[in-house]
Amino acid sequence: MAANRPETAEANIEPGGTKIKWDDSNMKSSYANVCNVTSTREEVVMLFGMNQAWNRGQKEVVIQLTDRIVISPYAAKRLTALLSGVVKEYESRFGTLNVDMPTAAGAGGTAAPIPDKTK
């Protein structure tokens with residue numbers, strides 16, 4: 001992941017002059033091909049996992065959840081801006097990504113949304 005991080009000193013300085021030092025000594029890497037997001041007034045919860053179903057016509061698909069990331073709505077809004085920029089850059093280099101929203105479990109190789117039990 002370090003290769004994706006800006007290397008210039010200017011890129012590591014926030015507006016206002018605060019220098020950011022990235023400490024990745026406790027970082028772990030995970031792969032996910034499924035993500036679900038729920039929220040409350042105080043937090044946004046992102047669930048990541050793996051869909052290991054290989055057959056499209058399955059009646060039930062089990063998603064093995066591996067990671068839960070909880071952030072504030074403010075951090076979620078900043079993440080939205082960052083991801084939008086990354087996707088825009090990706091599409092300018094490699095072409096448009098066409099993403100169909102799933103309508104049922106197993107459609108398009110993804111899972112239907114996980115019910116929000118926090119409400």
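Identify the residue in the stretch 63-98 that is acidic (Asp, Glu) and exposed (fewer than 12 other Cβ atoms within 10 Å of the Cβ) and, among all such residues, is nearest to Met27 (Cα to Cα).
It comes out as Glu89.
With the requirement that a residue be closer than 25 Å to Val99 by Cα, over 19 Å from the mean Cα position of the chain (by Cα) and loosely packed, with under 10 Cβ neighbours inside 10 Å, what does the stretch 13-62 give you? Can you show your working first?
Let us first name the residues in the stretch 13-62 that are closer than 25 Å to Val99 by Cα, namely 29-39, 44-62.
So of that shortlist, the ones also over 19 Å from the mean Cα position of the chain (by Cα) come out as 53-62.
Hits for the stretch 13-62 are Trp54, Asn55, Gly57, Lys59, Glu60.
Which residues, counting only those in the stretch 70-119, are β-branched (Val, Ile, Thr) and either touching an Asp or Glu at 6+ places or on another chain (Cβ under 8 Å) or modelled with pLDDT of 65 or more (or both)?
If the condition is that a residue be β-branched (Val, Ile, Thr) and either touching an Asp or Glu at 6+ places or on another chain (Cβ under 8 Å) or modelled with pLDDT of 65 or more (or both), then Val70, Ile71, Thr80, Val86, Val87, Thr96, Val99 are the ones that fit.
So if I check each of Asn55, Asn36, Asn51, Asn26, which one is touching a Phe, Trp or Tyr at 6+ places or on another chain (Cβ under 9 Å) and not β-branched (Val, Ile, Thr)?
Details: Asn55 fails: touching a Phe, Trp or Tyr at 6+ places or on another chain (Cβ under 9 Å); Asn51 fails: touching a Phe, Trp or Tyr at 6+ places or on another chain (Cβ under 9 Å); Asn26 fails: touching a Phe, Trp or Tyr at 6+ places or on another chain (Cβ under 9 Å).
Testing whether each residue is touching a Phe, Trp or Tyr at 6+ places or on another chain (Cβ under 9 Å) and not β-branched (Val, Ile, Thr) leaves just Asn36.
The values are calculated or read from the model by the stated rules, or taken from the named source; none is laboratory data. All values derive from a computational prediction rather than experimental measurement. When we count neighbours, we look across all protein chains shown, and the Cβ atoms used for this are built from the backbone with ideal geometry, even at glycine.
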